[in-house]
Amino acid sequence: MGRHKYTTISIPTHLFIGMRANLKYTPFNSVSAFASYVLREFNAVLESNDVGTRAQDLAMNISTMGYAKQKRRS
């Protein structure tokens with residue numbers, strides 16, 4: 001299998017600092033590893049036929065890790 005190529009994604013510094021501080025509570029060893037996971041999962045949601053349920057599951061997982069707050073349904 002060939003080597004993967006990488007690129008840079010810019011995020012606000014305060015978000016990076018917060019994510020880095022919270023990594024000790026996750027299985028991820030870097031902000032890049034976490035961001036890659038989230039983007040892979042989000043991409044899978046977009047490519048799936050069950051977007052609504054997968055998006056809710058992803059939002060719940062991210063919220064559980066403390067990276068985002070879930071929106072309440074009205």
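The values are calculated or read from the model by the stated rules, or taken from the named source; none is laboratory data. Since the model is a prediction, treat every value here as computed from it, not as a measurement. Note that each Cβ is placed from the backbone with ideal geometry, even for glycine, and that neighbours are counted across all protein chains shown.
Among the residues of segment 10-24, is any more than 20 Å from ASN61 (Cβ to Cβ) and in a loop (DSSP other than H, G, I, E, B)?
Taking every residue of segment 10-24 in turn, at least one turns out to be more than 20 Å from ASN61 (Cβ to Cβ) and in a loop (DSSP other than H, G, I, E, B).
On the basis of being of a type outside the set (A, V, I, L, M), outside any loop (DSSP other than H, G, I, E, B) and at pLDDT 70 or above, does PHE34 make the cut? Give the steps one after another, and end with the answer.
On the way: of a type outside the set (A, V, I, L, M): yes; outside any loop (DSSP other than H, G, I, E, B): yes; at pLDDT 70 or above: yes.
Spelling it out, PHE34 is indeed of a type outside the set (A, V, I, L, M), outside any loop (DSSP other than H, G, I, E, B) and at pLDDT 70 or above.
Which is surrounded by 13 or more Cβ atoms within 10 Å (Cβ to Cβ), assigned to a loop (DSSP other than H, G, I, E, B), free of Cβ contacts under 8 Å to residues at least 24 places away in the same chain and not β-branched (Val, Ile, Thr), of PHE28, PHE42?
Result of the check over PHE28, PHE42: PHE28.
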